Number of protein chains: 2
Amino acid sequence: MLLKNISVDCVIFGFDNNKLNVLLWQADPKLLTHILKQEEDYEQISFLYDSHPSLLDDHTWGLIGAHAPAETSLDEFAQNISSESTGLTGVYLKQFQTFGRADRVPYYRVVTIGYYALINLHYHNLRKSALTKKMQWFGIDELPPLCFDHLEIIHAALAHLRETVQYHPIGFHLLPEEFTLTELQTLYEAILGKKLDIRNFRKKIHNMELLEETGKKQENVPHRAAKLYRFDPGNYNRLVNEGLNFRI
Amino acid sequence: MLLKNISVDCVIFGFDNNKLNVLLWQADPKLLTHILKQEEDYEQISFLYDSHPSLLDDHTWGLIGAHAPAETSLDEFAQNISSESTGLTGVYLKQFQTFGRADRVPYYRVVTIGYYALINLHYHNLRKSALTKKMQWFGIDELPPLCFDHLEIIHAALAHLRETVQYHPIGFHLLPEEFTLTELQTLYEAILGKKLDIRNFRKKIHNMELLEETGKKQENVPHRAAKLYRFDPGNYNRLVNEGLNFRI
DNA sequence: CCAAAAGTGTTAGACCTACACCCATGA
DNA sequence: TCATGGGTGTAGGTCTAACACTTTTGG
């Protein structure tokens, strides 16, 4: 059974083309209603779509989310949503804020619990789930028209990420397992929205002793090949726990 | 109308006796559990419970909270709850986490949105609160038995406060309008759970230019009277907005 | 004059910021 | 050999941490 007044929305962040991107979808209501077993659930979903023609429109996008089932914890359900939509399991997921304005969804009271996911785009090809009409990455500065208050939710997720990333080493979840220092720096620049000094950045990262060299280098680049690094999991976990001495 | 599956709980923090305290009211888990077995009556009975906290026994306490009404935003409702229970309006309130384990309340699915309030104990007398008969402050290290997952919620609120207070100047909401530097330091020591160096603390606070002298001093103290300070609202707001350069 | 808390400064080391040039690679 | 991005060090200023004594007040 679905909880009528509660939904979960996931702001799925990925880093690519030196930009921070968000995964959005357009749900297919026909497909959606097929999988709903209970009459009650069916009615709710079709009511939602009937009363919001913009949900059917090709130009309006939304966050990946759904009404929460009564039997599942919110954290688990957020994992389910993000793994179904990206094909990835065990992604970094953070509950960041709950949105509860009375009129945030017209005609019906829906409180939505917002999570953001940080995923590494190189790990998979996006597979549309059965429910999905379209799914696409958008740069955070190039968002399409969004339904409901989803723009506000994305901005809140970004603000939360931007702050958290300065004290906790979570940005790394957006990178592939092996990466260059320049990629790491570009990632931070994209999240924080400002340029960082290359020498100071590298000094800082090295002092943290968070990374280890893989011994490998980039290949097939038309310039000097950069060293590839990975995290030292021991120190990474130490920093995650100690937290606050991570400052970019 | 109340939303059956959604509640709001407020962790109301106050600072007194050099300790951080939490305001709790009483709940009777036996009574509540018994009632919850009849799902149909749940809404009615819980409404009764919400409006008559005198249905209480002496041993188990709970956070101040209630099922959310369908017509009110969560933020507004959290304000209502905290102002009704403390008599204070316009208190600092922060939504910090939503608790959504499927079994957090027995026999029924209730997702609760957690807020914490920071209030100044000197501003009011708790007994004035109309809805509440049994209500009491407890030191955060001397909590009584709590219903449901309320202990977990309090610990999460504390952890959030402890972290936030290091980067944002919000701790001040716990102090009266005029206060001494020693009170400010003791507050930070209570929140962070560690001793701070008096000279370094004072230097830091002075450098922030966050405070202004009132020109007054303590009276009737059996030792040298300390100067009383208040916030410089201009700089306070600047720091709230700029945020992150506030570090204790 | 005693008890109790208020108030104050310095130093050494760590960290931050600003800044410019050579290096390695593939085309 | 050129274009492109990779990679490195230093100096000045600021911030931090550690540390002990004098001042004010009421009783």
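Using a simple spin-label model with pseudo-atoms 7 Å out from Cα toward Cβ, B:E71 and B:L192 lie 4.7 nm apart. With neighbour counts taken as other beta-carbon atoms within 10 Å, the residues B:I191, A:I170, A:I248 rank, fewest first, as A:I170, A:I248, B:I191. Legend: mean number of C-beta atoms from other chains within 10 angstrom of residue C-beta atoms, peptide B:69-79, equals 3.
Note on the stretch A:170-241: Cα-only Rg and Dmax are 12.4, 40 Å. From least to most packed, judged by other beta carbons within 10 angstrom and beginning with the fewest, A:I119, B:I12 follow the order A:I119, B:I12. Measuring between alpha carbons in the structure, the pairs from B:K19/B:K134; B:K194/B:K217; A:K204/A:K227; A:K203/B:K204; B:K19/B:K94; B:K19/B:K227 lying more than 24 angstrom apart are B:K194/B:K217; A:K203/B:K204.
Each copy carries B:N235; placing its label point 7 Å along the C-beta direction from Cα gives inter-copy distances of 3.8 nm, listed from smallest up.
Averaged over the residues of peptide A:96-104, the number of Cβ atoms from other protein chains lying within 10 Å of each residue's Cβ is 6. Across peptide B:106-112, the mean count of Cβ atoms from other chains lying within 10 Å of each residue's own Cβ comes to 3. Can you divide the C-alpha Rg of the stretch A:82-236 by 2.2 N^0.38 Å and report the result to two decimal places? Computed over Cα atoms of the stretch A:82-236, the ratio equals 1.22. A point 7 Å from Cα along Cα→Cβ stands in for A:P106, and the other copies hold the same point at 4.5 nm, listed in rising order.
Label points for B:H155 are taken 7 Å from Cα along Cα→Cβ. From this copy to the others they lie 3.7 nm apart, shortest first. Normalised by the number of residues in the stretch B:170-241, the average gap of Cα pairs under 8 Å and 6 or more apart makes the relative contact order 33 percent. Taking label positions 7 Å along the Cα-Cβ direction at both A:Y236 and B:N17, the computed distance is 4.6 nm, reported to one decimal.
Apply 1/(1 + (r/R0)^6) to the Cβ-Cβ distance of B:Y92 and B:F138, taking R0 = 22 Å, and write down the FRET efficiency to the nearest 0.05. Computed FRET efficiency for B:Y92 and B:F138 comes out at 0.65.
So which trypsin sites (Lys or Arg not before Pro) in the stretch B:155-226 pass both tests, a DSSP loop state and at most 16 other Cβ atoms within 10 Å of the Cβ? Answer in residue order: B:K194, B:K195, B:R224.
Any read-out appearing in this document is the output of simple, stated calculations on the displayed coordinates, not a laboratory observation. Just so it is clear, the structure is predicted and the values come from calculations on it, not from any experiment. Using ideal geometry, Cβ is built from the backbone for each residue, glycine included, and neighbour counts are taken over all protein chains shown.
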